[in-house]
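The values are calculated or read from the model by the stated rules, or taken from the named source; none is laboratory data. Keep in mind it's a predicted model, so treat the numbers as computed, not measured. Heads up, the Cβs are rebuilt from the backbone with ideal geometry, glycines too, and the neighbour counts pull from every protein chain shown.
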Amino acid sequence: MRLVRLLLVPVLLAGLTASCRRPKSGSPADGRLVGGLYTNLYFNFTVGIPAGWSVGELKTTTAPLPGSTRVPSMNPQAAAHQLLMASEHPVARGIANNPSLLVMAEKAAAVPGVKNAKDYLARISQMMTDSPLAYRPINGIADVQLGGIPAVRLDFSAQLNKQKTGRQGYLVCQRDQYMLSFILSGPTDAEIKRLEQLLQTVKFY
C-alpha cells in the first residue's frame, strides 16, 4: 500500500489557509535542483537541501495523498504529485532511521470535504488514525508560518516496535487549487527538531 511506503520514509508537512499568488502554467512537478537549492516553478517556492543528502530523481511523477488508494499516474494533470523526496541517506540502502523531507501537492477538489488547509490536515490525521500504522497525532492542528505565508501543522508519533519509534511533522499550505504538503520524518522528537532547519530555508515568491 502506497500509504505504508510514504509513512515509513522520514519527512514533514505544513498548511496555508490564506489565498496566494496563482501558480504558473505547466506541471506541478516542474522542479529543478541546482547547487543544493530545489526550485518549484509551478508553485513558486524554493527549499535548501543539506550537503550530502540524497535527492530522488526530479521528474514528472505523481502519487496519491497519504492514505489514499488511488493508483499513481504519469499524467501531469493528475490529482496528486510527489514533488521532492530528500533524505539524509540514500533510500536504496534501506537504513531504518533515515531523516527525510517529502513535498507533495494534492488537488483540494480530489479530497472529499476539504475546503482549506485545516480540513486537509484533519483528513490526513483521520486516515492515519484509521490505518494499521501506529502513527497518532500528538497535539491539535496549529497555525504556523512557512516561507513567509500562513500554514498549518500537525505532528505525529509512533512506537513502531519495542526499540523503534517514529515521529512526523506535517505542514500544509494552499496554493491556488492545490494543497501543498511538507512532511518531515525522523526516529525521535530531537530528530524532527533538527529537520525543522530545512523549513527555515523554504521561501515562496
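Would you tally the residues in the range 115-143 being in a loop (DSSP other than H, G, I, E, B) and either under 24 Å from PRO187 (Cβ atoms) or modelled with pLDDT of 95 or more (or both)?
10
Suppose we keep only residues that are touching a residue at least 60 places away in the same chain (Cβ under 8 Å) and under 28 Å from PHE43 (Cα atoms) within the range 125-140. Which one would you say is surrounded by the fewest Cβ atoms within 10 Å (Cβ to Cβ)?
So, considering only residues that are touching a residue at least 60 places away in the same chain (Cβ under 8 Å) and under 28 Å from PHE43 (Cα atoms), the one surrounded by the fewest Cβ atoms within 10 Å (Cβ to Cβ) is MET127.
What are the residues in the range 160-174 that are within 18 Å of LEU121 (Cα to Cα) and in contact with a strand residue (DSSP E or B) (Cβ under 6 Å, 6 or more places away or on another chain), if any?
Passing the criteria: ARG167, GLN168, GLY169, TYR170, LEU171, VAL172, CYS173.
Quickly run through the range 125-155 and pick out the residues that are more than 14 Å from ARG167 (Cα to Cα) and of a type in the set (Gly, Ala, Ser).
If the condition is that a residue be more than 14 Å from ARG167 (Cα to Cα) and of a type in the set (Gly, Ala, Ser), then SER131, GLY140, ALA142, GLY147, GLY148, ALA151 are the ones that fit.
Select from the range 88-107 the residues that are modelled with pLDDT of 90 or more and surrounded by fewer than 19 Cβ atoms within 10 Å (Cβ to Cβ) and list them in ascending order.
Within the range 88-107, HIS89, PRO90, LYS107 qualify.
Quick one: is ARG153 within 15 Å of the chain's Cα centre (by Cα) and part of a helix (DSSP H, G or I)?
So ARG153 does not fit the description; no.
Is one or more of the residues making up the range 14-34 modelled with pLDDT of 50 or more, exposed (fewer than 13 other Cβ atoms within 10 Å of the Cβ) and within 19 Å of LEU198 (Cα to Cα)?
yes
Condition test on GLN200, is it surrounded by fewer than 23 Cβ atoms within 10 Å (Cβ to Cβ), modelled with pLDDT of 95 or more and closer than 30 Å to GLY26 by Cβ?
Yes, satisfied.
Checking VAL114 against (1) in contact (Cβ under 8 Å) with a residue 24 or more places away in the chain; (2) surrounded by 14 or more Cβ atoms within 10 Å (Cβ to Cβ); (3) within 29 Å of HIS89 (Cβ to Cβ), which test does it fail?
It is condition (3) that VAL114 fails.
Considering only the range 175-185, I want to know if a residue exists there that is at pLDDT below 90, touching a strand residue (DSSP E or B) at 6+ places or on another chain (Cβ under 7 Å) and surrounded by 16 or more Cβ atoms within 10 Å (Cβ to Cβ).
No, every residue in the range 175-185 fails to be at pLDDT below 90, touching a strand residue (DSSP E or B) at 6+ places or on another chain (Cβ under 7 Å) and surrounded by 16 or more Cβ atoms within 10 Å (Cβ to Cβ).
Which one of the conditions (1) touching a residue at least 60 places away in the same chain (Cβ under 8 Å); (2) of a type outside the set (S, T, N, Q); (3) more than 26 Å from ALA79 (Cβ to Cβ) does ASP189 fail to meet, given that it meets all the rest?
Only one criterion in (1) touching a residue at least 60 places away in the same chain (Cβ under 8 Å); (2) of a type outside the set (S, T, N, Q); (3) more than 26 Å from ALA79 (Cβ to Cβ) is unmet by ASP189, namely (1).
If you check SER157 against the conditions, is it among the hydroxyl-bearing types (Ser, Thr, Tyr), touching a strand residue (DSSP E or B) at 6+ places or on another chain (Cβ under 7 Å), modelled with pLDDT under 95 and over 18 Å from LYS203 (Cβ atoms)?
Here the answer is yes, as SER157 does meet what is asked.
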